[in-house]
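Undergrad: Sharing a structure here in structure tokens format.
The values are calculated or read from the model by the stated rules, or taken from the named source; none is laboratory data. Note that the structure is a prediction, hence the values are computed from the model and not measured. So basically every Cβ, Gly included, is an ideal-geometry build from the backbone, and we count neighbours across all protein chains shown. Side chains included, ligands, DNA and RNA excluded: accessible areas come from the protein's heavy atoms. Shrake-Rupley method; radii C 1.70, N 1.55, O 1.52, S 1.80 Å.
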Amino acid sequence: MKNLKSIALAVVVALATVTVNAQTKKVDATQSSIKWVGKKVTGAHEGTINLKSGNLVFKGKKLVGGNFIVDMNSMTVTDLKAGQGKEKLEGHLKADDFFGTEKFATSTLVFKKVTAKSANAYAVTADLTIKGITKPVTFDLTTTANTANANVVVDRTKYKIEYNSASIFSAIGDKAINDDFTLAVALKF
């Protein structure tokens, strides 16, 4: 009887100490994409920006975390052709008026809270750092066995990117650029 109690106690202790270990999945930066869209009163521009590195963290099949580094100098404009304003806009976006990529070569995103909405769908709250300023952002993210997708809306004025913002400069008129820009993120791991 004493041996049975000892065995039972050992089994209970063993089961109590078994936990699901977190698994970090490295994102393939070369196969992943980030597409951006910025709108203004008279139209919109779009382009891409490269992921430098990133990881998603899972416990079992459930997403529990993530962190990413974006290469701000990789920003390109895809809706304009070379010699037709493409280089000028790319230069302006990398200048201090916008992202100041000479001083701030990377931006980061670190998941702070992940809440399951349904199977493979999550509400994420993360700290986004642009130009050395960190602010929270929220977005939905979906996953499959080896992909994740999200659309992230960012208010640029929270990061001191105020160029032609109608909310900052009320008399700007048709030169106004929307405060929000969107990022369509497609990750492969």
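Undergrad: Please work out whether the range 74-143 counts as rounded, prolate or oblate from its C-alpha gyration tensor, where a ≥ b ≥ c are the square roots of the eigenvalues and a/c under 1.5 means rounded, while otherwise a/b larger than b/c means prolate and anything else oblate? Numbers along the way, then the final one.
TA: Values: a/c = 4.35, a/b = 1.85, b/c = 2.35.
Here the range 74-143 falls in the oblate category.
Undergrad: I'd like the carbon and sulfur percentage of the solvent accessible area for the chain, probe radius 1.4 Å, heavy atoms only, ligands and nucleic acids excluded.
TA: Numbers: 6280 of 11320 Å².
It is 55 percent, rounded to a whole number.
Undergrad: So what is the relative contact order for the chain, in percent, with contacts set as C-alpha pairs under 8 Å and at least six apart? Provide the component values of the computation, followed by the final result.
TA: On the way: 403 pairs, mean separation 39.6, N = 189.
Averaging sequence separation for qualifying contacts and normalising by length gives 21 percent for the chain.
Undergrad: Return the calculated 222 nm mean residue ellipticity for the chain, to the nearest 500 deg cm²/dmol, obtained by summing -39500 (n - 2.57) across DSSP H runs with n ≥ 4 and dividing by the residue count.
TA: Details: 2 runs with 25 residues, N = 189.
Using -39500 (n - 2.57) per qualifying helix, the result is -4000 deg cm²/dmol.
Undergrad: Is the shape of the chain rounded, prolate or oblate, going by the alpha carbon gyration tensor and its root eigenvalues a ≥ b ≥ c, with a/c under 1.5 for rounded and a/b larger than b/c for prolate?
TA: Working: a/c = 3.17, a/b = 2.67, b/c = 1.19.
Because a/c hits 1.5 or more and a/b exceeds b/c, the chain counts as prolate.
Undergrad: Can you give the charge dipole size of the chain about its Cα centre, rounded to the nearest 20 debye, using +1 on the beta carbon of Lys and Arg and -1 on the beta carbon of Asp and Glu? Could you put the intermediate results ahead of the total?
TA: Details: 26 positive and 16 negative charges, 205 e Å.
The dipole of the chain has a size of about 980 debye.
Undergrad: Follow-up question, since we're still on this one. How big is the charge dipole of the range 27-76 about its Cα centre, in debye rounded to the nearest 20, if each Lys and Arg gets +1 on its Cβ and each Asp and Glu gets -1 on its Cβ?
TA: Working: 7 positive and 3 negative charges, 58 e Å.
Roughly 280 debye for the range 27-76.
Undergrad: On full extension of the chain, what length is gained from K59 through T24, given 0.36 nm per residue of separation minus the C-alpha to C-alpha distance?
TA: Values: separation 35, 0.36 × 35 = 12.60 nm, distance 0.89 nm.
Here the answer is 11.7 nm.
Undergrad: In debye, nearest 20: dipole of the range 149-189 around its Cα centre with unit charges on the Cβ of K, R (+) and D, E (-)?
TA: 200
Undergrad: Okay, next question. Just name one of V185, N151, V114: the one whose Cα is farthest towards the positive end of the charge dipole of the range 97-186 (beta-carbon charges, Lys/Arg +1, Asp/Glu -1).
TA: Looking along the dipole axis, the top candidate is V114.
Undergrad: For the range 41-112, compute the number of Lys pairs whose alpha carbons are separated by less than 21 Å, excluding pairs fewer than 8 positions apart on the same chain.
TA: 10
Undergrad: How much accessible area per residue does the chain have, counting only protein heavy atoms and a probe of 1.4 Å, in square angstrom? Write out the running numbers ahead of the final one.
TA: Details: 11320 Å² over 189 residues.
It amounts to 60 Å² per residue over the chain.
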